[in-house]
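**Q** Have a look at this one.
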């Protein structure tokens, strides 16, 4: 079986040769935009630094180029190196100068996966950047899909974020909830809520009008009052006696 490095080289050579003779796309960036491919990911493939292993990506490249090397393969015929990239499969190169170099494949849809990971970890971009040793600006670009990691340091940091988020998610699914876990979930939800509300804080008045129209004010009042009551047991018990409100958002769902 050919190595992953050999496959990357073959895909890169075929893609560069095809691009030099085609007239549909004026540049690699134009091709990325037209095919809705994450920025710079196409450059990584044509330079032989990444394989096109994601089924969706392979389908786009095959439809655009007609190259058999990008033809999507049936699941049961996929070689080990073509496992979905979201599995973040560790790979190793042959030893060089007495050292072993590890390559980690990141998800093709990294922007979506990274946003989900930050939610699961309950971290803001600055907090996450500090914890995993990466620039906040760079992490923000990865989350927006404006860039894709290429340096070994950043690839390793992003892989660690995704792995930790997956580990946390698995642990939450396996263990029954207790009071600490429930409180931790609420804390993470508050971080997520604050991030979402920042949009309405920073944008035009029309966005806030939409918020008022979509989000029932009574629900906001109920949640706000409940959160305040939780910080004082006497106040909470009094609130509990008179609280009969049913959230409108639940009824709409």
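The values are calculated or read from the model by the stated rules, or taken from the named source; none is laboratory data. It should be emphasised that the depicted structure is a prediction, and the values quoted were computed from it without experimental measurement. No Cβ is skipped: glycine too gets one built from the backbone with ideal geometry, and neighbour counts run over all protein chains shown.
**Q** May I ask you to verify whether residue 129 is within 21 Å of residue 198 (Cα to Cα) and part of a helix (DSSP H, G or I)?
**A** Values: within 21 Å of residue 198 (Cα to Cα): yes; part of a helix (DSSP H, G or I): yes.
So residue 129 passes the test.
**Q** Look at segment 204-227 and say how many of its residues are within 21 Å of residue 183 (Cα to Cα) and either surrounded by fewer than 11 Cβ atoms within 10 Å (Cβ to Cβ) or within 33 Å of the chain's Cα centre (by Cα) (or both). Break it down stepwise before answering.
**A** Just the residues of segment 204-227 that are within 21 Å of residue 183 (Cα to Cα), to begin with: 219-227.
Imposing the further condition that a residue be either surrounded by fewer than 11 Cβ atoms within 10 Å (Cβ to Cβ) or within 33 Å of the chain's Cα centre (by Cα) (or both) reduces the set to 219-224, 226-227.
Result for segment 204-227: 8.
**Q** Just checking, how many residues over segment 41-68 are surrounded by fewer than 18 Cβ atoms within 10 Å (Cβ to Cβ) and in contact (Cβ under 8 Å) with a residue 60 or more places away in the chain?
**A** Residues meeting the conditions: 1.
**Q** Of all residues in segment 132-153, which are in a helix (DSSP H, G or I) and over 23 Å from residue 56 (Cβ atoms)?
**A** The answer is 132, 136, 137, 138, 139, 140, 152, 153.
**Q** In segment 1-40, what residues are under 13 Å from residue 60 (Cβ atoms) and loosely packed, with under 14 Cβ neighbours inside 10 Å? Walk me through how you get there before you give the answer.
**A** Step one: list which residues in segment 1-40 are under 13 Å from residue 60 (Cβ atoms), which gives 15, 25, 31-38.
Selection gives 33, 34, 36.
Here is a yes/no grid of residues against (1) at pLDDT below 50; (2) surrounded by fewer than 17 Cβ atoms within 10 Å (Cβ to Cβ):
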position: 78; (1), (2): yes, yes
position: 91; (1), (2): yes, yes
position: 104; (1), (2): no, no
position: 112; (1), (2): no, yes
position: 115; (1), (2): no, yes
position: 121; (1), (2): no, no
position: 124; (1), (2): no, yes
position: 132; (1), (2): no, no
